[in-house]
Every structure is written in C-alpha cells, then in structure tokens.
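Notes for the one structure printed next.
The values are calculated or read from the model by the stated rules, or taken from the named source; none is laboratory data. It should be emphasised that the depicted structure is a prediction, and the values quoted were computed from it without experimental measurement. Using ideal geometry, Cβ is built from the backbone for each residue, glycine included, and neighbour counts are taken over all protein chains shown.
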Amino acid sequence: MARERHQQESVISPQGRRDTKIVGGFRLASALCFALAVISIGNLFDSAGQTTLVRAIVFGILAGAFAFGEITWGGRAARREEQRLRRSLITQQHALATASHGPNDGMEPARLVALMTDNTERVTEFRQVYLGATLAAIAVPFVILTYIGIVIDPVVGFLVMVLVPLIPVGIRGFMMLFRKASAESRAKRGQLSNLYLDAIRNLNTIRLLGAGQRIEDELSRQGEANRGAIMKLLAGNQIVIIIMDSLFSLVLICLTAGLTVWRSDHISLGQALTIMLLTVLLLEPLQQVAGFFYIGMGGIASQKAIKSYLGATPTTTDLKTAAAVSTGDPNLAIEFADVSFDHGRGEVLRHLDLAVPYGSRVAIVGPSGAGKSTLMGIIQGTLPPQGGHVWVAGQPLTADALSATRTLSASVAQSTWMFTGTIADNLRIANTTATDAQMWEALEQAHVADEIRRMPHGLDTHLGEGAALISGGQAQRISLARALLSGRRIILLDEPTSHVDIESEARIIDAIAQLPRDLTIVMITHRASLLRLADETYELNAGSLQQTQKAS
C-alpha cells in the first residue's frame, strides 16, 4: 500500500505540488482583493470619502496583478513539470527496455508517444493550472459568506452558505457519472495514434500490396470512433454546464437577492450593494465547471495512465557488485562464465561459456530465436545476465557498471538508424570532437568515402528522415564508419549485410576484412563470405555454444 501511495505521488514532483498551491494562492489572493475592492465600493454609498475610493482602486489593481501572476506562474509551472514528466517517462521506458523482461513488452510505440505528449500535457494542465485555481475557487464563497455573516448580516451570510456546499458535491457526482466517457476518449485517441503511426511507417508496403483503400477505411472508422468519444465527453460537459448554470447559479442569485431584500431593514444601501456585487465571487466555482470535463477528467485519466506506466516494475536480476567479482582474464576482450538468461518465456542462454581474445574475429551463427541478439545485448551492456559472470575488456558486468560497459564497444545493427541531419551530424554522435580529417579516415576504412566525396555537399549532405536520401548499403557503411570513429576497440556486427544488395555486401565485407587487427570483432551472420573472415565460429543452439571452426 505504501509503495502504491509513493507511485501516485511520484507522478507530480514536490515542486509541482508546491506550484499547484502557489497558483491556488494567486487565485485566492486575486478573489479576496476583488472582494475588498467591492466592499470599498459599497462603503462609498454609506460614507463617501477619497480614502475609500483610493482603497477600491488599489485593491482592484492588486486583484488584476494576482490574476496575472496566476496565469504566468501556472503556465511556466506546467512547462517545467512537462519536462520533468517526460524525462521520467523516458527513463522508465529505457529501464523497461533494458530489463530482463518488463511489463511494457506489449506497449505500442504510438501509445508511448501519446503518453509522452498529449497525456503529459493534460496532466500538467490539470495539476499546475486547473486544480489549484479550482480548489481556491471553491474556498472563496465560504470566505465571502463568512464575511457577510459576521460583518453585514448573519441571516444572509449563513443561509446562503448552506447551499454552497452542494456545488462541489454536484461536481463530484458528475465526475463519477462521466468518468467512463473520459477513459474511453483517451483509449480511442491511443488506438487512432497507433493505427496512424503504423500506416505512416508502412506506406510503401501498403502501396505495393494495394491495401491503401482498406487502411484508409480503417483510419476513417477509427477516426470516427475517436470523434464520437470526444463528442460524448463534450456533450456531457455541456449538460453539466447547463445544469449547474441553470440550477445553482439561478438559485444562488435569487436566494441572495431575496434574502437581501427581506433583510433590507437591517442593512444599509451600501451593504446591500456589496452583497449583490459579491455574488459574482459566489459563482466562482461554477466558472470552473466549464473546463472540468475536458481539463479535469482528461487530466485525471492521463495521470492514471502515466502513474500505471511509471509504477511498472521491470524484472531485473540482482547482479553482484563490482567489489564481489574478480577481474577477468587480461588477455580476453570478452569472457562469459556460466551465463544464463531468460526473457520470461524459457531460458535463451543456458550456462554459457565464451572466451574472445583481444584482436580476434569471432562469428556466431544459429537459427532464428536461438538467442544471438540476447548474447549481443549482454556484450553491449543493454541486458544484464541473470546468472554467471561476464567481463568486457576485463571489466565485470555488474549492477553498478552497466553504463560503463556500454562505452566499451561499438555496434553496427542489421538495419541502421540514421538521425535526420547531415552525414557529419550522424558521425559525430559517436565522437563529438571528431575533426573532418578523422571522419574522412573512418569513412575510408568503411569504403564509403569516395561515394560521399561525389555528393555535392560531402560531409554536409543531408540524409533526410530515416536516411531516405542515401542507399541502404551506404547507410550501413556510414554506420560502420561511426563505430570506428568512436575509438572503441570492440566492434559488434549484427547481421551487417542482411539488408543490402550484392554490391554493397561486397564493399562491407572488404571493409571488415581490412580493419586493423588490433580491433576485436564479434559478428552475428549466416553469410559464408563473412564467416570466412572469422578466426573462430560458434553455433548457438538450445542455449549453448558449440565451436564449429577454429583458426588454423
């Protein structure tokens, strides 16, 4: 229970909760200054004086200043909390992605995007802008009516106060009634985002399969479902506004006016005017109802979704600390000793041993699903071993050394991801201080320098989104150059030629063959041409490694 309470509170930071109180304080101060200005105006009718007029003007200016402070502080606080929430979500996403296996395995990218954008904005708008102001608005009528009851007339003040508590009770009742509509609207937005993102990602496949019309129809249906959910939510909002305005506003105004007339023998003209002008502040909670469903309910539903995601606990392994593990063999770049790993669907690696000397070239083969990518992930430091010991460059892979392990190797994946920007931008991701000469040297080693020199802008050539402006083979070789530019002495190649044409494959193989012998290379491949470059070849099957080739 304590853990769940901590997770709920962690959605909004302590600073965020303080900001909510500050915004509420600004709203309360603004309302009270307005009330004091109104009271001063009422006093003018009973005892006109320059001091009273000046007091009314001063309080009016202060009311405006506090209202400005509320808007400014709330907006800035919401932006600050957005940034913090997004950092927390990204950190959690990284933790779940790099855990042994986590509860986000089935989380679609579009839902994650919605969580980090729309949902985050709704939560901060609700908590930093709306909530504090609403709580203050609910408190204002009680303060005003207490003043009326004590200073002006107890009958008017305390009889009207009996009606005011019905407003928050009514809001709470409608919140319970329409909570399902808010959750449904959020779910429909997530489904539409997921479908739309899938369609954008797979435009070529959709076109080739002639499925454009079907996808368009599905998007149309999902869009209509989303529109219907939003309209249902907004319809509920309008119903509440009509009911609250027509019922509470009318009753409150009529009751206050009637009691004021009834008690006219006991109050002065100025006091009667003060009561009627203060009625504007009695309606303050009702003014918040208009934004309740779209801001309030949407924020609550989004907060619940974010809280659930941040509260998800990845399955991790209690790795031994660095002090408890001896250093590895100084002659080995990579060493596995009795390593096991399970994604939650059965062991992928079973008591596996592996020794990769410095400067060697090792190939790992095996059927799909045998655990080759898991093995590579452990070497990279993105997956912690669940049993046994691992050393990379003599350093033990421990709970407090995962980040350090990731700096010891550089990888080239099956499908290279290039950031939108120039070739130089993508190369400098691996080495921010790299000079043009160093980048050209790495490109020469990757056998892609000549092609880049022929491009009009050379290193400043823009790649486009997803490297759409260059070929897949060029992207793979730029990725290899990026790995070499990092200066790391362990290079990991995960099927580097599986998605390129024959000519590009030959260039990549030539580049790998001519890499300096002081580099340690571990490659996953099924290509015979790459296997010929290996000093040793291992087959991974049923969780175990068997050596099938050893250099003569």
- request: Show the residue pairs that are 6+ apart or on different chains and have beta-carbon atoms under 7 Å apart, the first residue being within region 214-237 and within 14 Å of N194 (Cα to Cα) and in contact (Cβ under 8 Å) with a residue 12 or more places away in the chain, the second being surrounded by 14 or more Cβ atoms within 10 Å (Cβ to Cβ) and polar (S, T, N, Q).
  value: Q222/Q191
query: For region 363-382, does any single residue satisfy the condition of being more than 23 Å from M523 (Cβ to Cβ), in the same structural domain as Q474 (by TED's automatic domain parsing), more than 26 Å from the chain's Cα centre (by Cα) and buried (at least 22 other Cβ atoms within 10 Å of the Cβ)?
result: no
- line: Scanning region 364-392 for residues that are touching a Ser or Thr at 6+ places or on another chain (Cβ under 8 Å) and either of a type in the set (F, W, Y) or modelled with pLDDT of 85 or more (or both) gives I364, V365, M376, I379, Q380, G388, W391, V392
Count - residues of region 14-58 that are without any contact (Cβ under 8 Å) to a residue 60 or more places away in the chain, in a helix (DSSP H, G or I), within 16 Å of G270 (Cβ to Cβ) and of a type in the set (A, V, I, L, M, F, W, C): 4
query: Out of region 232-271, which residues are charged (D, E, K, R) and in a loop (DSSP other than H, G, I, E, B)?
result: R263, D265
- prompt: Only one residue in S486, S544 is of a type outside the set (K, R) and either surrounded by 18 or more Cβ atoms within 10 Å (Cβ to Cβ) or in contact with a Pro (Cβ under 7 Å, 6 or more places away or on another chain) (or both), so which one is that?
  reply: S486
message: Looking only at region 509-535, how many residues end up being more than 22 Å from Q414 (Cβ to Cβ) and surrounded by 15 or more Cβ atoms within 10 Å (Cβ to Cβ)?
response: 1
- request: Would you point out which residue out of R517, R507, R527, R477 is farther than 22 Å from A333 by Cα, basic (K, R) and in contact with a Gly (Cβ under 8 Å, 6 or more places away or on another chain)?
  value: R507
- line: By my count, helices (runs of 4 or more DSSP H) wholly in region 457-552 with at least 3 residues that are at positive phi and at pLDDT 90 or above are none
- prompt: Out of I61, I57, I71, which single residue is of a type in the set (V, I, T), under 34 Å from the mean Cα position of the chain (by Cα) and surrounded by fewer than 20 Cβ atoms within 10 Å (Cβ to Cβ)?
  reply: I71
message: surrounded by fewer than 22 Cβ atoms within 10 Å (Cβ to Cβ), free of Cβ contacts under 8 Å to residues at least 12 places away in the same chain and in the same structural domain as R453 (by TED's automatic domain parsing): is that true of I502 in this structure?
response: yes
field: A229 being farther than 18 Å from L145 by Cα and in contact with an Asp or Glu (Cβ under 6 Å, 6 or more places away or on another chain)
entry: yes
